[in-house]
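Data block below; observations after.
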Amino acid sequence: MNLHSPRPDRSDKAVAERKRASDAARAANMRQGYVHDTVLEAAKARFVAGDITLEELAEETLARSTPAER
C-alpha cells in the first residue's frame, strides 16, 4: 500500500494482508474481553475491503467509544 495514496490498495494481496491483521487484532482483543460490536465489525470489514482508510476506521472506532473509555 502506498502510504501517500488517498485510498487503500484494493489488490487481492493488500486485502488479504489487511484481513490477516484484522483477524489477529480481533483475536487479541477477544482474549482481553472484547465484546462483539456489529457496527465496528462492519467498519473493519470496510477497511479490509479497502473502502475506508485506517484513519477513517480509527475515527469511527473513537466515535463509538464513550469519553470514559478513551
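The HN-Hα couplings worked out from phi for region 33-45 by the Karplus form 6.51 cos²θ - 1.76 cosθ + 1.60 (θ = phi - 60°) are x, 4, 10, 3, 10, 4, 5, 5, 5, 5, 5, 5, 5 Hz, whole numbers, x standing for Gly and Pro.
Can you tell me the length gained on complete extension of the stretch GLU41 to ARG7, counting 0.36 nm per residue apart and subtracting the Cα distance?
On the way: separation 34, 0.36 × 34 = 12.24 nm, distance 1.98 nm.
Between GLU41 and ARG7, full extension yields an extra 10.3 nm.
Among ALA28, ALA16, ALA43, which one shows the biggest mean-square fluctuation in a GNM of the chain, springs joining Cα atoms closer than 10 Å? Comparing ALA28, ALA16, ALA43 in the GNM, the peak value goes to ALA28. Which of rounded, prolate or oblate describes the chain when judged by the alpha-carbon gyration tensor and an a/c cut-off of 1.5? It is oblate, given that a/c is not under 1.5 and a/b is not larger than b/c.
Ordered by packing density, taken as the mean number of other Cβ atoms within 10 Å over each peptide's residues, highest first, how do 58-65, 45-52 rank?
Output ranking for 58-65, 45-52: 45-52, 58-65.
Which order do the peptides 17-26, 30-39 take when ranked by the mean count of other beta-carbon atoms within 10 Å per residue, highest first?
Values: 17-26: 13.8, 30-39: 8.8.
Per-residue Cβ counts within 10 Å, averaged per peptide and sorted highest first, yield 17-26, 30-39.
Tell me the net charge near THR53. Cut-off is 15 Å between Cβ atoms, THR53 excluded, with +1 for each Lys or Arg and -1 for each Asp or Glu. Could you put the intermediate results ahead of the total?
Details: positive: ARG7, ARG10, ARG18, LYS44, ARG46; negative: ASP9, GLU17, ASP51, GLU55, GLU56, GLU59, GLU60.
Net of charged neighbours comes to -2.
Computed from the coordinates by the stated procedures, all read-outs in this text should not be read as laboratory data. From a predicted model like this one, the values you see are computed outputs, not experimental measurements. Cβ atoms come from the backbone with ideal geometry, glycine included; neighbour counts cover every protein chain shown.
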